[in-house]
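Working notes, structure below.
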Amino acid sequence: MTCKKKIYAIINPASGTSKKQNLPHKIAEKFDAHEFDVHIFITGYAGHGYEIAKQAIADKATYVIAVGGDGTVNEVASALVNSDIALGIIPMGSGNGLGRDLNIPIDFKKALNVITEENIIDIDYGKVNDKIFFCTCGMGFDAEVAAKASGKKSRGSFMYFKNMLETFFQQKPERFEIICPQGTIEDKAFVVTCANASQYGYNAHIAPHADIQDGMMNIAILKPLTVLDIPQTSLQLFTKKIDENSKMTELITNKATIRREREGLIHIDGDPIKMGTEINVEIIPLGLKVLVPKNPPKKNPLSPLEILATVFG
């Protein structure tokens, strides 16, 4: 008798903007009961997804599906690193950074189809001090934007863009020292982002050439901006051309120590957290198994109309 493949689906009911009441039934009916043994869980508090994913490892699950936004995906995936269990992602948040970077459809049914294809790859993950990230971690402007968005009921790209504008006029550039095997940079910066994947989410690409399977991170250092720089920089962020910005410097490395003038916020996959003045970041190569599309469509940079739809949609 062939053993069934065990699937744990972990749903965060609070993430994103869409309702999720019918998701357990839709997920369960997608998998052939003769081949799969599906267990569905609804998270009830911060850290619950991590606990369930750890139990999935103990129960020798085959796949664990994270249904939610970037925070949910980070929580579940952090439990699965360096295990034999593959992560499935059904993006249901607002930014959906890792899902977008891996070409996983935002559409629920299409994302579920990706899991049934059972196509698995290995990807890198990052560690910032004792915390794990999969897309980006950073400090400066993007961390302040994340903090402003944290806890707000209203989510979405327009809210994110609004927070960016508000934060721009409040943010004071800070001096950073970035030390890595390739050299040292010391300067004032508006943003310092360590990118394992190419984007924050929302199709905003801070490191367009970052490769989530190369064992390296792209550290994007954006010098202080003026009001006049906002339109061009925003456009470059959404058209994968931010690396062409004259105020952008990029370091490609597998580890770095970042020192700053004072302790404060950083963000980890979009979630803000306080850390000290010295921050150690490293990439762990190919430490997470993920279910991805077999034949993803080629993604072109967004057109001006698509950018407007992203911001105001």
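The values are calculated or read from the model by the stated rules, or taken from the named source; none is laboratory data. None of the values given here were measured: they were computed from a predicted structure. A quick note on method: Cβ atoms are made from the backbone with ideal geometry, for glycine too, and the neighbour counts reach across all protein chains shown.
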From the list 54, 30, which one is surrounded by fewer than 24 Cβ atoms within 10 Å (Cβ to Cβ), under 20 Å from residue 5 (Cα atoms) and over 22 Å from the mean Cα position of the chain (by Cα)? 30
Within the bounds of the range 154-177, is there any residue that is modelled with pLDDT of 95 or more and surrounded by 14 or more Cβ atoms within 10 Å (Cβ to Cβ)? yes
Checklist (1) buried (at least 17 other Cβ atoms within 10 Å of the Cβ); (2) more than 24 Å from residue 147 (Cα to Cα); (3) in contact with an Asp or Glu (Cβ under 8 Å, 6 or more places away or on another chain) applied to residue 213, failing item: (1)
Whether any residue in the range 235-250 is within 26 Å of residue 83 (Cβ to Cβ) and either of a type in the set (S, T, N, Q) or out of contact with any strand residue (DSSP E or B) (no Cβ under 9 Å at 6 or more places or on another chain) (or both) is what I want to check. no
Which listed residue is surrounded by fewer than 17 Cβ atoms within 10 Å (Cβ to Cβ) and in a helix (DSSP H, G or I), from 236, 232: 232
Would you mind stating whether residue 208 is more than 18 Å from residue 137 (Cβ to Cβ) and either over 17 Å from the mean Cα position of the chain (by Cα) or not in a helix (DSSP H, G or I) (or both)? no
Strands (runs of 3 or more DSSP E) fully within the range 243-290 counting 1 or more residues that are under 25 Å from residue 72 (Cβ atoms) and in contact with an Asp or Glu (Cβ under 7 Å, 6 or more places away or on another chain): 264-268, 271-275
Between a first residue in the range 127-141 that is in a helix (DSSP H, G or I) and a second residue that is β-branched (Val, Ile, Thr) and surrounded by fewer than 21 Cβ atoms within 10 Å (Cβ to Cβ), which pairs have beta carbons less than 8 Å apart while being 6 or more apart in sequence or on different chains? 141/167
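Quick grid of which residues meet (1) buried (at least 19 other Cβ atoms within 10 Å of the Cβ); (2) assigned to a loop (DSSP other than H, G, I, E, B):
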site: 14; (1), (2): no, yes
site: 24; (1), (2): no, no
site: 34; (1), (2): no, yes
site: 37; (1), (2): no, no
site: 44; (1), (2): no, yes
site: 49; (1), (2): yes, no
site: 67; (1), (2): yes, no
site: 95; (1), (2): yes, yes
For residue 73, indicate whether it is crowded, with 24+ Cβ neighbours inside 10 Å and under 21 Å from residue 207 (Cα atoms). yes
